[in-house]
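Have a look at the structure below before the remarks.
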Amino acid sequence: MEMGVRTESVAAADEDPAANLFPPPLPQPRICMWKYLDIHSMQQLEKTASTEETRQLLAELLGLSQPSQSLRDAIVLDLFHHALIFCRQQGFSLEQTSTVCALLQDLHKACTATPLGNVEECYRYFSSLLFCHGIRRPPFSIDLFKEEQLLAVADYVVNTYFRHFKLYKYAFTPQVPAMGCAKPPCSPQPGLTASSSRLCPEKESEEAEEQAAIPQEEELETEAQPEQEPSQASVLRTYIKTQLSRELGQLQQLVEERLKASEDRLNSKLTMLERPFQPPPGKGKNKTK
């Protein structure tokens, strides 16, 4: 029975379109020494003599393209290059330098895993990764850094990465389009359909000539792509509607309870005022002589 209930709950979570809107769970923290930069790569980086040579070799080792070709790769390259400079200033060994770069890489993956805000989860994940390299408890953790070095690495990451956490998330995660923000009808775009070109009568002739030169296969692709966007927008719309209806229901219930309480207080005051005035005993009586 328990297995049946679990399978039904998992199936319901898979069918629920709003389940994909929550942040994915972060991986378990593990020892990440030599994870992305092995000892051979670190020895090559130690032999570089200039900044340009270091950046070029670092881009090759991490599989990054040229900064002029991809802005995201340029940001990642700057992130790791400054991390190398910090490790050299602190006098870290090759093992420690490789671990610091791996910590930043895993933290960056956790940040860009979702466009939703998860700065607190990422900070807890980074702290767990950091402690995996500060306490000797094999095979779960090793004492690679001393206490002063751990504090230095934590301060560096907080002042460089977490201080610009929203900028990294904005640059590396896909942006969700806002619902109800329609595109301008007269904006020139390749692959416009005939129905959309009617919105701009002055450009009908130009768009008709451009559409005549487009192959039929490209028209089929452009017609098939807009069909996928309403499905994603409808999922987000239904999720927002359910959340708003839930919040509005709770707010309405709270308002009704407060109105009822104020009405009861008002009725009690009115009943007190409607009662006839009764003078206290012993007063108002004429004294007989």
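The values are calculated or read from the model by the stated rules, or taken from the named source; none is laboratory data. Not measured: the values here are computed from a predicted model. When we count neighbours, we look across all protein chains shown, and the Cβ atoms used for this are built from the backbone with ideal geometry, even at glycine. Keep in mind that these areas ignore ligands, DNA and RNA; they rest on the heavy atoms of the full protein, side chains included. Shrake-Rupley method; radii C 1.70, N 1.55, O 1.52, S 1.80 Å.
Of all the residues that make up the range 47-75, how many are outside any loop (DSSP other than H, G, I, E, B) and either in contact with a Lys or Arg (Cβ under 7 Å, 6 or more places away or on another chain) or open to solvent by 100 Å² or more (accessible area, probe 1.4 Å) (or both)?
5
Please pick out the residue among Arg72, Arg88 that is charged (D, E, K, R) and closer than 14 Å to Tyr156 by Cα.
Arg88
Out of the residues in the range 249-277 that are at pLDDT 65 or above and part of a loop (DSSP other than H, G, I, E, B), state the one that is surrounded by the fewest Cβ atoms within 10 Å (Cβ to Cβ).
Here the answer is Pro276.
If we scan the range 145-166, do we find a residue that is at pLDDT 90 or above, surrounded by 13 or more Cβ atoms within 10 Å (Cβ to Cβ), under 21 Å from the mean Cα position of the chain (by Cα) and outside any helix (DSSP H, G or I)?
yes
Residue under question is Ser187, and the condition is that it be of a type in the set (Ser, Thr, Tyr) and at pLDDT below 85; does it hold?
yes
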